[in-house]
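Single-structure report; data block below.
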Amino acid sequence: MPEQRKNSYLEGKNVTKHFGGVAALSEVTFNVSKGELLCIIGPNGSGKTTLLNMITSVSALTGGEIWFKGGKLHGLASHQICKLGISRTFQDLQIFNDLSVIENLMVSCWKEHYANPLEIMLRLRRARKEEREAYARGMEILSMFELDKKASSMPLSLPFRERKFVGIARALATNPELLLLDEPAGGLSVEEVKELSRVILKLHEQGITIIFIEHRMEMVNEISHRVIVLNYGRKIAEGSFDEIKRNQEVISAYLG
Amino acid sequence: MKKLLTGNLKSALLAAVLVVLVLLPMWAGHYIISTCIFIGIYGMAALGLSVLMGYAGQVNLGPNTFMLIGAYTSAVLAVDFGISPWAGIVCGAILTAIIAYLIGKAILGLHGFILAVATACFAVVIFRLACELEITRGVYGLTSIPHYSIGSFVLNKEIHYYYLVLVVLILLAIITSNLIKSRIGRGFIALNLFHGGSEVASECVGINVGKLKVQAFVLSAVYGSIGGSIYAHYTTCLTPQPFDLWWGLVLTMMCTIGGMRSVIGPIIGSAVYIALKEIIRSTQSTTLGGFETLIFGLLFTLFLIFMPRGIVELPSLILQRFSMKTVKK
């Protein structure tokens, strides 16, 4: 088993989460390879977001194990997991509304800081350099989403589509190698979903491994390499989109 | 362009205020200078509280506790051990930082109302200790606390303390301003649940939320401690009374009245509170005198209702009203 962990990129074994008497996830086992574009689908309440929460340690596992590049993820704090190169977005965005768009990205460059609090308080050379670098990195990412002109806007003044992109941009500012997107297309129009798909594929081309939760099947079909289907906290199917759409259990539980 | 103008206007206004403050002792009397010294001392503690409450969103109902610790550490070291008051400021700040770190570690996992109660309880404990311990001389307090001195030059006049407080306050304001414009300041705002922040999202972008909260708590405590130390050596006598729970609320009031999401706000709040207090005190023989607490309680409530972001919000409110009128016309 340890050898298997050495070779695996992200691996979950019997991942279980109970909220009181309710089993949100029951013994879900999964493997993700480096460079993969994996989609998790399933009906509402099937445990998709809970699985992302387990990977990012937003809530603790009730049972099971999660490993990333041979190291344990379970038991680590979320900020430590971010430092390992795993970043995420949220279904409800959770943008920092009192920070401007660029500040939302600059605050996410946290793991790459080097100036100590004293240097910051006295605004010494290293602190100023750190600020300039964080700003430049933030602007570079924003320009990817054509949001650089809105860098100084407050998030609540932006349309929903742009706030969604700010969420993704903020996750990218942490410089992740594994990106978890929680329903990135939720609330977007058909055209906007196409734009989002292009962005996700572009990020994937840059070498970022991506796991995303989605309900929009046209997007899942278009961009995912592999799909995992959850239902009532259990994994009921896994495979390519063509395989799972023919799976009788998936059809009756979700695709209808 | 508008931003540039606003920025220039702000800088010019700030420079003008600084010039007035530097030149103030030339025409102001003893009473005004003494009042300004207290405004500055409480302004330091209120500024620290604004970092903790306004930016990091962590409630502390007993911020004056750290003033007490700073004041007594510095005073006891000077009176009982003959240690220089300058070293006393540093020792007070270090001891306060250690205590704040330990308390912060223990209570900053709590949120909202429960955190407020925990900080108030801590304030009561420290206050009772100051009242009971032999080293603090209990309710009788410490007397003959020496003034600061530089070589043989003793800072024993109002004007000396005025400039000392002014310099320290400006330094603290610059430090705070640098801090809130940095990643640490942005981190504070990111985790502030009262202002659109999220602790979960902060953690997920790599911020160690627990550590950052403790840093805000320690920093806020050190500001209070510095103010407390200067208070002790300026007044030269020290009793626990100015550090009871009411004064904790007063510091919160100062922050709220001035505006706790700004550097200048808590200092304005301190000025408004101390100035009003002096006005009420001057009418001690009239009907107003006996209603000090009531007046401040009412004022605080009105500010919370009508101007929750404090006096610093006033210019933008006036501008808003003005532009609305122009649009109507």
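In region A:14-117, the ratio of gyration radius to Kirkwood radius, Rg to Rh, stands at 1.00 when only Cα atoms are counted. Each Lys and Arg adds +1 at its Cβ and each Asp and Glu adds -1 at its Cβ; summed about the Cα centre, region A:120-256 shows a dipole of about 740 debye.
Here the dipole of region A:118-195 is about 520 debye; that uses its Cα centre as origin and unit charges on the Cβ of Lys and Arg (positive) and Asp and Glu (negative). A Förster distance of 51 Å, applied to the separation of the beta-carbon atoms of B:ILE174 and A:GLU249, puts the FRET efficiency at 0.20. Relative to the longest principal axis of the Cα atoms of chain A, helix A:125-144 runs at roughly 50 degrees. For the options A:ALA173, A:ALA237, A:ALA115, a Gaussian network treatment of chain A with springs between C-alpha atoms closer than 10 Å singles out A:ALA115 as fluctuating the most.
Of all the options A:ASN116, A:ASN104, A:ASN53, the one that moves most in a Gaussian network model of chain A with Cα springs shorter than 10 angstrom is A:ASN116.
Counting neighbouring beta carbons within 10 Å and listing from fewest to most, the residues B:THR136, B:THR301, B:THR65 come out as B:THR301, B:THR136, B:THR65. According to the calculation over all Cα-Cα pairs in region B:199-259, the P(r) per 5 Å bin from zero is 4, 13, 15, 20, 17, 12, 9, 5, 4, 2 %. Spatial offset of region B:168-197 relative to region A:76-133 amounts to 14 Å, using the alpha carbon center of each.
Please state, as a whole number in µm²/s, the translational diffusion coefficient that the Stokes-Einstein equation yields for the protein assembly as shown at 4 °C and 1.567 mPa s, with Rh defined as the Kirkwood radius across alpha carbon pairs.
Translational D for this selection: 48 µm²/s.
Computing Rg and the Kirkwood Rh from the Cα coordinates of region A:102-174 gives a ratio, Rg/Rh, of 1.03. What is the Cα centroid distance between region B:112-138 and region A:196-228, reported in whole angstrom? Their Cα centres are 56 Å away from one another. Stokes-Einstein, applied to the Kirkwood radius of chain B over Cα pairs at a viscosity of 1.002 mPa s and 20 °C, places its translational diffusion at 103 µm² s⁻¹.
Springs join every pair of Cα atoms under 10 Å in this Gaussian network model of chain A, and among A:MET154, A:MET121, A:MET217 the largest mean-square fluctuation is at A:MET121. If you take the square roots of the eigenvalues of the alpha-carbon gyration tensor of region B:9-57 and sort them as a ≥ b ≥ c, do you get rounded (a/c under 1.5), prolate (a/b over b/c) or oblate? Since a/c reaches 1.5 but b/c is at least a/b, the shape of region B:9-57 is classed as oblate.
Report the FRET efficiency, 1/(1 + (r/R0)^6), for A:ASN116 and B:LEU193, where r is their Cβ-Cβ distance and R0 is 41 Å, rounded to 0.05. Don't skip to the end; give the middle numbers.
Details: r = 27 Å, r/R0 = 0.66.
E between A:ASN116 and B:LEU193, to the nearest 0.05, is 0.95.
Over region A:209-256, the fraction of Cα-Cα pairs per 5 Å bin, rounded to whole percents and listed from the shortest bin up, is 5, 21, 35, 27, 10, 2, 0. What residue among A:LEU76, A:VAL15, A:SER224 has its Cα farthest toward the positive end of the dipole of the protein assembly as shown, where the charges are +1 on Lys, Arg and -1 on Asp, Glu, each on the Cβ? Toward the positive end, the furthest listed residue is A:SER224.
Under a 5 Å amide H cut-off, with hydrogens placed 1.01 Å from N, A:ARG226 pairs with A:LEU37, A:CYS39 among residues at least 5 apart or on other chains.
Suppose every K and R has +1 on its Cβ and every D and E has -1 on its Cβ; what is the size of the dipole of chain B about the Cα centre, in Debye to the nearest 20? Kindly include the intermediate steps, with their values, before the conclusion.
Working: 20 positive and 10 negative charges, 293 e Å.
That gives a dipole near 1400 debye.
Relative to its Kirkwood radius, the Cα radius of gyration of chain A gives an Rg/Rh of 0.99.
Read-outs: derived from the displayed coordinates by stated rules, not from any lab. From a predicted model like this one, the values you see are computed outputs, not experimental measurements. With ideal geometry, Cβ positions are generated from the backbone for all residues, glycine too; neighbour counts draw on all protein chains shown.
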